[in-house]
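**Q** Please see the structure below; I have some questions.
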Amino acid sequence: MAVDVDDLSIACNTRLAIEKFKQQLRAKFKIKDMGELRWLLSIEVKRDRATHTIAFSQAAYIERILCCFNLKDANLLSTLMDPHHQLTKAQCPSTPHEYKLMQGVPYQEAIGSLMYTTLGTHPDIAFAILFLSQFMQNPGRPHLEAVKRVF
């Protein structure tokens, strides 16, 4: 059973066990049965009973964050990070003018959004996100370009 604020998701081996549990809940609380699970914490749940599979997708969440960070036109790449490209603290802003140019760039928000995606359905981007997160206090332009590659 998973509980998110006032939402409850139930998983069990049999439908009978689920129905019995729902009856016990109804005896104590007023509940609204929303049917089969379709969404959970911005993750789409797709169940195929014929093949006995469950698939999870954050495509809608990813689309939303692409729009939020103006990356709808970003090109898909086969590699998240160029293994030969170096990102260092020396590339971070060091002058007042450079700091001002980076002010208002939502680098931390982008990394946070990608971290949630990593935890939900995309562990394949974990290394890139962990690497980029070390620059969250003072990101520079090269770091932003690397974030765009992950999106």
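**Q** Using a 10 Å cut-off around each Cβ, can you sort LEU119, LEU114, LEU16, LEU87 from fewest to most neighbouring Cβ atoms? Let's see the in-between values first.
**A** Values: LEU119 14, LEU114 23, LEU16 9, LEU87 18.
Going from sparsest to densest Cβ surroundings: LEU16, LEU119, LEU87, LEU114.
**Q** Arrange the following residues from fewest to most other Cβ atoms within 10 Å of their Cβ: ILE129, ILE54, ILE43.
**A** Numbers: ILE129 22, ILE54 12, ILE43 18.
Ordered by Cβ neighbours within 10 Å, fewest first: ILE54, ILE43, ILE129.
**Q** By count of other Cβ within 10 Å, fewest leading, how are PHE127, PHE69 ordered? The partial results should precede the final answer.
**A** Details: PHE127 12, PHE69 20.
By the 10 Å Cβ count, ascending: PHE127, PHE69.
**Q** How much length, in nm to one decimal, is gained on full extension between ARG38 and HIS85, taken as 0.36 nm per residue of separation minus their Cα-Cα distance? Present the calculation step by step, with values, prior to reporting the outcome.
**A** Working: separation 47, 0.36 × 47 = 16.92 nm, distance 4.03 nm.
Extra length available between ARG38 and HIS85 comes to 12.9 nm.
**Q** Let me confirm the definition first: pairs of Lys residues in the stretch 9-110, 8 or more apart or on different chains, C-alpha distance under 26 Å. How many are there?
**A** Lysine pairs meeting the criterion: 11.
**Q** Given the -39500 (n - 2.57) contribution per DSSP H run of 4+ residues, what per-residue ellipticity at 222 nm results for the chain, rounded to the nearest 500 deg cm²/dmol?
**A** Details: 6 runs with 63 residues, N = 151.
Calculated at 222 nm, the ellipticity per residue is -12500 deg cm²/dmol.
**Q** What does the highest-first list of 22-33, 96-107 look like by mean Cβ count within 10 Å?
**A** 96-107, 22-33
**Q** How high is the FRET efficiency from GLN134 to ALA17, r the C-beta distance, R0 35 Å, rounded to 0.05?
**A** Numbers: r = 46 Å, r/R0 = 1.33.
Efficiency, from the Cβ-Cβ distance: 0.15.
**Q** Moving on. Calculate, for HIS52 and PHE29, the FRET efficiency according to 1/(1 + (r/R0)^6) with r their C-beta to C-beta distance and R0 41 Å; round to the nearest 0.05. Walk me through the numbers before you get to the answer.
**A** Numbers: r = 32 Å, r/R0 = 0.78.
So, using R0 = 41 Å, E works out to roughly 0.80.
**Q** Please give me the summed charge of the neighbours of ALA59: other residues whose Cβ is under 13 Å from its Cβ, Lys and Arg +1, Asp and Glu -1. Write down the numbers at each step before the final one.
**A** On the way: positive: LYS46, ARG64; negative: GLU44, GLU63.
Around ALA59, the charge tally is 0.
Values quoted throughout were computed directly from the atomic coordinates according to the rules given, and no laboratory measurement underlies them. For clarity, every value in this text was computed on a predicted model and none was experimentally measured. In this analysis, Cβ positions are derived from the backbone assuming ideal geometry, glycine residues included, and neighbour counts consider all displayed protein chains.
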